[in-house]
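A short worksheet on the structure shown next.
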Amino acid sequence: MFYRSKPIPERMAAVGMSQGAIDHVQKWLDAISKVGSGRGDELPDDVKRELAEEADAELSGAELLADIVQSHRKA
């Protein structure tokens with residue numbers, strides 16, 4: 001069954017999504033959790049690299065994401 005109380009990756013598996021897609025979503029959920037708890041320095045290198053590719057040249061992707069998360073907490 002499809003329950004909102006189940007974690008997103010479990011719901012994805014329940015509807016037959018590929019393991020690759022589930023793993024990708026889980027990786028980013030873990031990254032968001034780490035950044036949100038102030039542990040952005042613990043992000044895996046591949047996540048940092050993907051974030052950096054999208055970030056301004058002056059900021060690393062992890063710093064930009066941390067700034068966004070921090071500003072939402074203050075609001």
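The values are calculated or read from the model by the stated rules, or taken from the named source; none is laboratory data. Because the structure is a prediction, the values reported are computed rather than measured. Here the Cβ positions follow ideal geometry from the backbone for every residue, glycine too, while neighbour counts run over all protein chains shown. The protein model used for the area step is the full one, side chains on, heavy atoms only, and it has no ligands, DNA or RNA in it. Shrake-Rupley method; radii C 1.70, N 1.55, O 1.52, S 1.80 Å.
Residues in the range 38-58 that are open to solvent by less than 60 Å² (accessible area, probe 1.4 Å) and not hydrophobic (A, V, I, L, M, F, W, C): 38, 40, 44, 46.
Conditions (1) farther than 27 Å from residue 10 by Cβ; (2) at pLDDT 75 or above; (3) aromatic (Phe, Trp, Tyr), marked per residue:
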site	(1), (2), (3)
26	no, yes, no
29	no, yes, no
32	no, yes, no
39	no, yes, no
42	no, yes, no
46	no, yes, no
53	yes, yes, no
57	yes, no, no
65	no, yes, no
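Note on the range 13-27: among residues that are among the hydrophobic types (A, V, I, L, M, F, W, C) and open to solvent by less than 80 Å² (accessible area, probe 1.4 Å), the one that is farthest from the chain's Cα centre (by Cα) is 14.
Looking only at residues of the range 1-11 that are more than 16 Å from the chain's Cα centre (by Cα) and in a helix (DSSP H, G or I), we find that the one that is surrounded by the fewest Cβ atoms within 10 Å (Cβ to Cβ) is 10. Restricting attention to the range 1-51, the residues that are within 23 Å of residue 73 (Cα to Cα) and among the acidic types (Asp, Glu) total 3.
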